[in-house]
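S.K.: Below you will find the structure I want to go over with you.
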Amino acid sequence: MNRAAFLPALVMVGVCLAACGPSDGAGVTLGKRIAFLLPDSQAARYESQDLPIFEAKMKSLCSDCTVDHHNAHGDASAQLTQAETALAGGANVLVLDPVDASASATIVARAKARRVPVISYDRLVLNAPAVAYFVSFDEAAIGPLQANSLLSALKGKANPTVVMINGDPQDAMARLLKQGVQNTLEGKVNLAQVYDTPHAGLDSAQTEMADALTKLQNKVDGVYAADDAAAGGAIAALIAAGVKPLPPVTGAGADLSAVRRILAGEQYMTAYRSIRTEAESAAQLAYYLAYGVAVPASMTAGKTVDNSSAAIPALLVSPVAVTRLTVISTVIADRFWTKADLCNDQYAAACAAAGVS
């Protein structure tokens, strides 16, 4: 091909690349900028897990895309400034975990003015109809997951006696958990003692469990504890009362101490929210939005959440039950906890017995 013929052909290739963008999962020739706006450094997960997982997933989808990362350190006005800086710098998508759910509506409005889609990540931005998607966990599924796990552990027992330790009744999430658990357990167990725990935590749960054991003369078949702190308190009371064998105790959060208790046979299960799945799902969604690719309907399965001004399409990650049999396939496989984290000297034998070593 002579030079005169070659130059128009080269121009046409460039036009096609610019117009068509990358193919899904293929190497990318034209990078995009994705702003990943995190709320604080109080929770270690954001910098140690969410960010590197999100960046790695974006890199696998789009080799020359840029993740523009900012952490507001708990300051809503700083987050607004960071968002404006990202928009001015050419961000194609904002992935926003809001410091202030209501105030962050301003960020969404600024992004809309530039035709930049916003993914509300982990926490929902309120009063902002322009939010494109919400990516978080299916919190409504945690209560039924815990309750069904407890029923599985109690299988074969007729009308088992269960102690229920709920969270703070003033907390909307605690009320949601309680409702989901009660709906699942209704008519299947004897809820002999039920506690709603303001300022829920280990000490409060230990006191409540000790009270229940006194009233029930140590005859308890199972314990529903709303989270891992409450589970730890309940187990401490059971051990102090000399209850053997320990009844199955639920939890939620996949705290390090809880997973260790599961390996040791003290706690039956914990509900695990996979940060890896959440962050990778957000990255995949950001990739689609950045390149104008149609988002597969299967990603949201038709789910929406109400943010007080619109029904926002929602990608909700289902919680997973972690038991002694599934520690390796869940929290270790996700690198949420490593074997080294779990198997210190005190738990080395428990890890070996569970095949974690």
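S.K.: Look through GLY265, GLY253, GLY232 and report the one residue that is within 30 Å of ASP334 (Cα to Cα) and exposed (fewer than 15 other Cβ atoms within 10 Å of the Cβ).
M.R.: Result of the check over GLY265, GLY253, GLY232: GLY265.
S.K.: Right, here's the next one. So GLU139 passes all but one of these: (1) closer than 26 Å to THR184 by Cα; (2) among the charged types (D, E, K, R); (3) surrounded by 20 or more Cβ atoms within 10 Å (Cβ to Cβ). Which condition number does it fail?
M.R.: Exception for GLU139: condition (3).
S.K.: Would a scan of region 231-243 turn up a residue that is in a loop (DSSP other than H, G, I, E, B) and in contact (Cβ under 8 Å) with a residue 40 or more places away in the chain? Give the steps one after another, and end with the answer.
M.R.: Of the residues in region 231-243, the ones in a loop (DSSP other than H, G, I, E, B) are 241-243.
Applying the additional criterion that residues be in contact (Cβ under 8 Å) with a residue 40 or more places away in the chain yields none.
No - not one qualifying residue is present in region 231-243.
S.K.: Same structure, new question: If you check SER120 against the conditions, is it assigned by TED's automatic domain parsing to the domain that holds HIS69 and polar (S, T, N, Q)?
M.R.: Answer is yes for this residue.
S.K.: Quick one: count up the residues across region 50-73 that are over 21 Å from THR85 (Cβ atoms), at pLDDT 95 or above and out of contact with any Lys or Arg (no Cβ under 6 Å at 6 or more places or on another chain).
M.R.: 6
S.K.: Pairs please, first residue from region 285-311 and outside the structural domain of SER102 (by TED's automatic domain parsing) and under 15 Å from PHE137 (Cα atoms), second anywhere and hydroxyl-bearing (Ser, Thr, Tyr) and modelled with pLDDT of 95 or more, Cβ atoms under 8 Å, 6+ apart in sequence or on different chains.
M.R.: none
S.K.: If you go through region 284-315, how many residues are surrounded by fewer than 18 Cβ atoms within 10 Å (Cβ to Cβ) and closer than 30 Å to ASP64 by Cβ? Outline the logic, then answer.
M.R.: Step one: of region 284-315, the residues surrounded by fewer than 18 Cβ atoms within 10 Å (Cβ to Cβ) are 292-299, 301-306, 308-311.
Filter again for closer than 30 Å to ASP64 by Cβ, leaving 292-299.
Residues in region 284-315 being surrounded by fewer than 18 Cβ atoms within 10 Å (Cβ to Cβ) and closer than 30 Å to ASP64 by Cβ: 8 in total.
S.K.: Moving on to the next point. Can you find, within region 80-104, the residue that is surrounded by the fewest Cβ atoms within 10 Å (Cβ to Cβ) among those that are in contact (Cβ under 8 Å) with a residue 40 or more places away in the chain and assigned to a helix (DSSP H, G or I)?
M.R.: Residue satisfying both the conditions and the ranking: LEU87.
S.K.: Which of the residues that make up region 159-183 are under 17 Å from PRO248 (Cβ atoms), without any contact (Cβ under 8 Å) to a residue 60 or more places away in the chain and surrounded by fewer than 20 Cβ atoms within 10 Å (Cβ to Cβ)?
M.R.: ASN159 - this is the single residue of region 159-183 that is under 17 Å from PRO248 (Cβ atoms), without any contact (Cβ under 8 Å) to a residue 60 or more places away in the chain and surrounded by fewer than 20 Cβ atoms within 10 Å (Cβ to Cβ).
The values are calculated or read from the model by the stated rules, or taken from the named source; none is laboratory data. These numbers were taken from a predicted model, which means no experiment stands behind them. In this analysis, Cβ positions are derived from the backbone assuming ideal geometry, glycine residues included, and neighbour counts consider all displayed protein chains.
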